[in-house]
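K.L.:
My questions will all concern the structure given below.
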Amino acid sequence: MAAKPIAGSIVQARGIHKHFGALHVLKGVDLLLAERELVFVIGPSGSGKSTLLRCLNRLEEPSSGSVMVDGVDMLDARTDINHARQRIGMVFQSFNLYPHMTALGNVTLALRKVAGKTRNEADTLGHAALARVGLADRAGHTPGQLSGGQQQRVAIARAIALEPRVMLFDEPTSSLDPELVGSVLGVMRDLRESGMAMIVVSHEMGFARNAADRVVFMDEGAIVEEGTPAEIFERPVQERTRAFIGQIQRH
Amino acid sequence: MNSWERFVDAFFNVKVMAKYLPDIAYGMLVTVELAALVIAAGLVTGLALALVRSLGFRPLNLLIIFVVDLFRALPPLVIIVFIYFGLPAVDIAPSGFVSTWLSLTLVLMAFSEEIYWAGITSIAKGQWEAARSTGLSYGQTLMHVVLPQALRLTIPPLTNRTIAITKGTALGTVVAVSEILGMASSAVSNSYNPSPLTMGAIAYLILFFPMVIFGRWLETKMAWKR
């Protein structure tokens, strides 16, 4: 997995290490993401997938390594991190919508406060983003009035409203009831078709097979194997990959 | 006089009440003034301390925690007496009104800081992360995402605490503040009849009953569906 710089790569993470006290969570991870590419990250819990994702927008501070996103050095002290983060959308397992705001309020907050839009501009963009996730008619609802699937789609709208260059999904469907997963995956598929570069940490193997350009298997803080969905799911080379794929396919 | 008549004469003497009504009314005015100043200053400084504490600057936080614990531990009357009778020794001589105001403000500041702080820390980490991931700064996240939620959570305990401490304005009577209890007490000494105390109690009810109701109303109004 020697990473060569790829022209037009939107994310270049190299040699990422992360220590939590004595815990060595990431052990020198390289991850490149090309424009329009969808990379799927799989692996057992505790393998460092989420931490890797969170290092890319510096919700977690990498202990060492380098992260370039859209040509911006994320770890440089001179980088305006709040500005840089607008270009990296993130969607969380637990949605993390603001419960005291409507769906539209959730989507427009950063548009107004970070992107500097007026309330009218932000509302227009917010309504458009909600329409993209199929929730045009839910703008005035608070998160408590929405289903889990709808909440997660509002969270996606909140991220894409800022027109990010890349989207990070951290187990976006893991806390959803099975019947609600489809609507979220549908929105992600639409995003993918629009050419959004995406890194998805998830166990939705069906979605990975259909939509991913590349699948990365992580274990114990390192990338064990990566390849096309067919390579990873049908013909994994590494023993650990095979064991993991076998396990999840039994379910 | 039978015992019933004696009771009425002692606590509901209409003549005495009529005579001292203006005094009690003046006392109410002073109490309202004092209470309003305590509430405003106490709740604002408490919030300010909680916000400073959220910055996580350790030496400063230890100082805040020390100050807060100090004023939560000391009886308010001790603080009042200390300021009113103690400070003149260093040539600062605050009036009884200022001494009482400052003492109760410090106590309300201390208790409200703890309540605000509990509210801020009870907001899920995911709220911070979601906001920061969209580019909001620390301050913007605090102001637009965390505080609005935290403040709603703090309203019931804050209301209770505010009422409890504001009632402490009656302590001002020991440093000659002419608030309700002070006015009622001197009326009792002058008239040899305790009826002014009844008026004082009624005056407190008139002031604080609406506060209790207001607190209840705020609680329901501020609730939102999760």
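K.L.:
Counting helices only, and only those DSSP H runs with n ≥ 4, report the 222 nm mean residue ellipticity of chain B as the sum of -39,500 (n - 2.57) divided by its residues, in deg cm²/dmol to the nearest 500.
P.N.:
-25500 deg cm²/dmol
K.L.:
A follow-up question, please. Show the residues, 5+ positions off or on another chain, whose built amide H is closer than 5 Å to the amide H of A:Gly65.
P.N.:
A:His17
K.L.:
Report relative contact order for region A:131-229 in percent, whole number only (criteria: Cα-Cα under 8 Å, sequence separation at least 6).
P.N.:
23 percent
K.L.:
If you only keep lysine pairs separated by 8 or more in sequence, or across chains, how many in chain A come under 21 Å at the Cα atoms?
P.N.:
For chain A, the number of qualifying lysine pairs is 4.
K.L.:
Report the far tail of the P(r) of the protein assembly as shown, meaning the percent of Cα-Cα pairs longer than 30 Å.
P.N.:
That fraction is 59 percent.
K.L.:
Once amide H atoms are placed 1.01 Å from N in the peptide plane, what residues at a sequence separation of 5 or more from A:Ala34, or on another chain, have their amide H within under 5 Å of its amide H?
P.N.:
A:Ile10
K.L.:
May I pose another question? According to the square roots a ≥ b ≥ c of the eigenvalues of the Cα gyration tensor, what is the shape class of region A:42-103, taking rounded for a/c under 1.5, prolate for a/b larger than b/c otherwise, and oblate for the remainder?
P.N.:
oblate
K.L.:
Got a sec? Charge dipole of chain A, +1 on Cβ for Lys and Arg, -1 for Asp and Glu; which of A:Met101, A:Gly48, A:Val133 is way out at the positive end?
P.N.:
Towards the positive end, the residue furthest out is A:Met101.
K.L.:
Okay, moving on. Arrange the residues A:Thr79, A:Thr228 by how much accessible surface each exposes, largest first, with a 1.4 angstrom probe.
P.N.:
Solvent-accessible surface, decreasing: A:Thr228, A:Thr79.
K.L.:
Using only protein heavy atoms and a 1.4 Å probe, report how much of A:Val237 is accessible, in Å² to the nearest 10.
P.N.:
100 Å²
K.L.:
Follow-up. How many Å² of accessible area per residue for region B:77-126, probe 1.4 Å?
P.N.:
I get 45 Å² per residue for this part.
K.L.:
How much accessible surface area, in Å² rounded to 10, belongs to the heavy atoms of A:His19 with a 1.4 Å probe?
P.N.:
The accessible area comes out at roughly 80 Å².
K.L.:
222 nm [θ] for chain A, helices only, -39500 (n - 2.57) per DSSP H run of 4+, per residue, to 500?
P.N.:
-10500 deg cm²/dmol
K.L.:
Separate question: How large is the accessible surface of B:Ser189 in square angstrom, using a 1.4 angstrom probe and rounding to the nearest 10?
P.N.:
Roll a 1.4 Å probe over it and B:Ser189 shows about 70 Å².
K.L.:
Ranked by accessible surface with a 1.4 Å probe, highest first, in what order do B:Leu47, B:Leu60, A:Leu31 come?
P.N.:
Order by accessible area, largest first: B:Leu60, B:Leu47, A:Leu31.
K.L.:
If you don't mind, another one. Using label points projected 7 Å from each Cα along Cα→Cβ, tell me how many nm separate A:Ser63 and A:Asn120, to one decimal.
P.N.:
Distance between label points: 5.3 nm.
K.L.:
What is the distance in Å between the Cα centres of region B:96-156 and region A:143-182?
P.N.:
When both Cα centres are located, 29 Å separates them.
K.L.:
Quickly work out the B:Phe82-to-B:Ala48 label distance, labels modelled 7 Å from Cα along the C-beta direction, and quote it in nm with one decimal.
P.N.:
It works out to 2.0 nm between the two label points.
K.L.:
Return the lysines within reach of B:Lys221: Cα separation strictly under 25 angstrom, same-chain partners fewer than 8 residues apart disregarded; answer none if there are no such residues.
P.N.:
Those lysines meeting the cut-off are B:Lys167.
K.L.:
Using label points projected 7 Å from each Cα along Cα→Cβ, tell me how many nm separate B:Ile92 and B:Asn2, to one decimal.
P.N.:
6.0 nm
K.L.:
Taking the 0 to 90 degree range and rounding to the nearest ten, how far is the long axis of helix A:239-249 tilted relative to the main principal axis of chain A, both from C-alpha atoms?
P.N.:
40 degrees
The values are calculated or read from the model by the stated rules, or taken from the named source; none is laboratory data. Source: prediction; values computed, not measured. So basically every Cβ, Gly included, is an ideal-geometry build from the backbone, and we count neighbours across all protein chains shown. Just so you know, the surface numbers come from the protein's heavy atoms only, side chains and all, with ligands and any DNA or RNA stripped out. Shrake-Rupley method; radii C 1.70, N 1.55, O 1.52, S 1.80 Å.
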